[in-house]
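In what follows, a single structure is set out as structure tokens and then discussed.
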Amino acid sequence: MTYLLAILIGALFSAGLYMMMRRSLVKILIGLLLLSNAVNLLIFTAGRLVPGRPPLIPAGAELPEAPFADPLPQALILTAIVISFGVAAFAIVLIRQTYQKIGTDDLNELRCTDLPCSMEIEEPAAEKEGQ
Amino acid sequence: MVVLPVLITLLAAILCIFMFRSRSWQQKITLASSGGHFAISLTLLWVVQRKGIQVLQVGNWPAPFGITLAVDLMSALMLVITGFIGFWIAVYSIGGIDEQRASYGFYPLFNLLLTGVSGAFSTGDLFNLYVWFEVMLTASFVLIALGGERAQLEGATKYVILNLIASILFLTATGLLYALTGTLNMADLAIRLAGISPKELVTTLAILYLVAFGIKSAIFPFFFWLPASYHTPPVVVTALFSGLLTKVGVYALIRVFTLIFVADIPFTHTLLLALGGFTMVTGVLGAAAQWEIRRLLSFHIISQIGYLLMGLGLFTQNAIAGSIYFMVHVILAKTILFLVAGAAERISGSYDLKQMGGLYRQEPALALLFALPALSLAGLPPLSGFFAKLILVKAGLESGSYPIVITALAVSFLTLFSMSKIWGEAFWKPAPAQLKKRPKNPYIWIPILVLTLTVVVIGLWSEPLYRFSYQAAGQLLDSSIYIQAVMGKIP
């Protein structure tokens with residue numbers, strides 16, 4: 001099971017990184033989501049995988065019986081999932097807004113911040129009235 | 001006591017959301033919260049200096065099991081400077097932020113950003129540090145995109161994507177570190193990692209952290225998001241970011257590489273030193289090519305981060321004291337320079353140096369307020385930057401690292417060149433267009449004035465701050481003090 005997950009995590013990481021190297025904004029977003037899921041699985045695996053044995057401490061003992069999965073990483077993943085969920089929601093809105101304003105999702109077109117931008121002048125007048 | 005700086009700003013953010021329609025109430029709440037943050041942090045600093053490291057075990061769970069908040073001298077100093085900068089930027093924002101942005105939630109986000117920054121400075125747990133980073137980043141994501149101008153959206157896209165990659169790396173490293181040691185409490189990690197072999201595993205993790213925090217603090221090969229995004233939002237936001245955000249990354253580096261990853265100092269810290277040198281040089285050379293004043297100053301942020309790494313890389317008490325002193329100096333100086341750039345834009349109507357000019361003739365006071373922090377940044381005596389660099393250079397000479405000392409001095413010289421370029425173009429050259437006559441807005445002038453006075457004062461009267469930094473560096477280097485404070489015992 002651990003080996004299977006290890007391979008899965010590796011595949012997710014490589015697919016995520018591959019997507020991040022594309023020029024399309026949407027693909028970068030997909031890459032980010034894949035990467036964050038890969039990390040969550042990684043933390044999950046770090047806490048050992050023991051199916052069917054909840055880490056309950058029997059009465060009078062100090063520790064649960066020997067092979068048990070560490071519950072702490074699972075709690076950590078919950079936090080990480082919530083955070084990545086919120087951040088992903090924001091990133092989707094941001095990318096949609098960027099796409100609407102600039103009219104392209106090609107990263108190579110996003111160079112207003114690095115070069116003098118000629119399109120800055122034609123900021124849509126209609127939108128300003130709309131606000 | 002330890003948790004109060006976090007609580008007060010968090011509470012203010014919530015209150016601001018309740019007062020969403022009233023700009024003036026949001027301003028009052030923000031002024032009160034950031035002022036209160038400053039006052040509490042000062043008290044905390046005083047307590048830490050008298051009684052040693054202050055620790056709070058959240059929920060009363062004993063040390064390695066629960067979340068620990070621990071404030072040592074360096075954290076306390078960073079909290080004080082956060083409150084100080086936060087308060088004066090809040091004052092500036094009354095005059096410097098436009099109606100639309102203020103009504104779309106600038107103030108709640110401002111408070112949340114301060115919450116995240118303060119949390120990151122006061123936590124003693126790596127996963128908790130990740131959570132505070134995310135709080136800070138999420139607030140900064142919205143702040144940088146707030147207003148929705150084209151350049152802002154582009155800058156925000158780059159900023160968000162690269163910082164999310166850093167967060168993912170941080171989380172990966174944290175997961176692997178937990179798998180290796182079974183703990184995330186920094187003090188407990190310091191104990192357990194000492195007994196882990198092979199050391200190579202620990203070093204690999206150290207490098208993962210170096211990359212994650214390196215992206216966040218914009219060090220040499222990872223800095224490209226910073227000059228692509230920092231100049232796009234209004235100058236209030238840029239000043240806040242330049243003062244606090246990258247410095248949290250540097251703080252995390254200093255914390256992690258003095259407390260946890262000290263297994264292979266010849267390798268990791270030499271790497272830090274080399275990266276520091278490259279960061280200085282690329283930052284200052286990048287700045288030399290810029291004509292947009294905020295972009296130019298953004299490149300200088302990167303260059304100054306190099307000096308902070310230099311102190312960490314040299315890894316002697318004097319060097320780390322130099323880093324801490326430099327941190328205080330650079331937070332103040334950079335914030336002022338951005339605020340002055342904002343004030344200059346109000347008069348000349350542009351951030352482009354080619355279209356600016358004649359400010360010296362029209363606003364000699366503003367010119368002086370630019371000159372003092374600019375010369376301080378370049379490291380001219382008797383301003384704060386001179387002493388900060390003096391300590392670092394002295395530490396470098398003491399440990400015989402001549403290449404970095406030469407780099408540091410050369411970069412200072414180039415910084416002076418950049419600053420004189422702004423001076424010559426924006427202030428001295430005759431005005432290319434008619435300058436606007438605008439009444440002096442006290443909300444814009446007073447923060448600049450007060451912050452500049454602080455830079456002058458910590459330059460002229462630098463001994464207390466130096467002695468304090470030296471003490472803080474001693475505390476960072478002797479990790480047994482921290483471990484004992486958090487764990488209650490030395491194992």
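We did not get these values from a lab; they are worked out from the coordinates using the rules stated. Please read these numbers as outputs of a predicted model, since none were measured by experiment. Here Cβ is always computed from backbone atoms with ideal geometry, including for glycine, and neighbour counts include all displayed protein chains.
For chain A, the equivalent ellipsoid built from the Cα gyration tensor has semi-axes of 46, 17, 9 Å, listed from largest to smallest. Applying the criteria of a DSSP loop state and at most 13 other Cβ atoms within 10 Å to the chymotrypsin sites (Phe, Trp or Tyr not before Pro) of region B:1-67 yields B:Phe65. Kirkwood radius for the protein assembly as shown, taken over all pairs of different Cα atoms as the inverse mean of 1/r, rounds to 25.0 Å. Ranking B:Phe261, B:Ser22, B:Leu272 by how far each Cα lies toward the positive end of the dipole of region B:4-487 (charges on Cβ) leaves B:Ser22 at the top.
Taking every residue in B:180-191, how many Cβ atoms of other protein chains lie within 10 Å of its Cβ, on average?
Working: counts 1, 0, 5, 1, 3, 0, 0, 0, 0, 0, 0, 0.
Partner-chain Cβ atoms within 10 Å, mean over residues of B:180-191: 1.
Relative to the longest principal axis of chain B, what angle (0 to 90°, nearest 10) does the C-alpha long axis of helix B:384-398 take? Around 40 degrees separate the two axes.
Ordered by the count of other Cβ atoms within 10 Å of each Cβ, fewest first, B:Trp225, B:Trp461, B:Trp88 give B:Trp461, B:Trp225, B:Trp88.
FRET efficiency for the B:Asp264 to B:Gln355 pair, using the beta carbon distance and R₀ = 51 Å, is estimated at 0.50. With R₀ fixed at 22 Å, the C-beta to C-beta distance from B:Phe417 to B:Lys394 puts the FRET efficiency at about 0.35.
Mean partner shielding of peptide A:75-81, defined as the number of other chain Cβ atoms within 10 Å of each residue Cβ, is 4. Take the alpha-carbon centre of region B:155-186, take the same for region B:1-45, and report the distance between them in whole Å. Cα centroid of region B:155-186 versus Cα centroid of region B:1-45: 29 Å apart.
What does the C-alpha gyration tensor say about the overall shape of region B:373-413? Classify as rounded when a/c is under 1.5, otherwise prolate if a/b is larger than b/c, or oblate. It would help to have the intermediate numbers written out before the result.
Numbers: a/c = 4.03, a/b = 1.77, b/c = 2.27.
Oblate, because a/c is 1.5 or more while a/b does not exceed b/c.
Panel order for B:Glu398, B:Glu149, by other beta carbons found within 10 Å of each beta carbon, from fewest to most: B:Glu398, B:Glu149. Across region A:70-84, coupling constants 3J(HN,Hα) worked out from phi with the 6.51/-1.76/1.60 Karplus curve, θ = phi - 60°, read 5, x, 4, x, 5, 5, 4, 4, 3, 4, 5, 5, 4, 4, 5 Hz, and Gly and Pro carry x.
Work out how much length B:Leu449 to B:Val47 would gain on full extension: take 0.36 nm times their residue separation and subtract the Cα-Cα distance, in nm to one decimal.
Details: separation 402, 0.36 × 402 = 144.72 nm, distance 2.95 nm.
So the extension gain works out to 141.8 nm.
Label-to-label distance for A:Leu8 and A:Leu49 is 0.6 nm, based on points extended 7 Å past Cα in the beta-carbon direction.
Consider a paramagnetic label point 7 Å from the Cα of A:Asp70 along Cα→Cβ; state which residues of region B:40-70 have an amide N under 18 Å from it. Label zone hits: B:62-68.
Between B:Ile196 and B:Arg23, the modelled label-to-label distance comes to 5.2 nm, taking each label 7 Å out from Cα in the direction of the beta carbon. Highest mean packing first, where packing is the average number of other Cβ atoms within 10 Å per residue, the peptides B:50-57, B:318-325 line up as B:318-325, B:50-57. With n ≥ 4 as the cut-off for DSSP H runs, can you work out [θ] at 222 nm for chain B, using -39500 (n - 2.57) per run divided by the number of residues, rounded to the nearest 500? When only DSSP H runs of four or more count, the value is -25500 deg cm²/dmol. Relative protection proxy for A:93-101, B:238-246, from highest mean packing down: B:238-246, A:93-101 (other beta-carbon atoms within 10 angstrom). FRET efficiency for the B:Met1 to A:Asn108 pair, using the beta carbon distance and R₀ = 45 Å, is estimated at 0.30. Considering chain B, its Cα convex hull presents a mean projected area of 20.7 nm². Each of B:Asp98, B:Asp72 was scored by other Cβ atoms within 10 Å of its Cβ. Arranged with the fewest first, they read B:Asp98, B:Asp72. Taking a point 7 Å out from the Cα of B:Leu285 in the direction of its Cβ, the residues of region B:300-336 whose backbone N falls within less than 18 Å of it are B:300-307.
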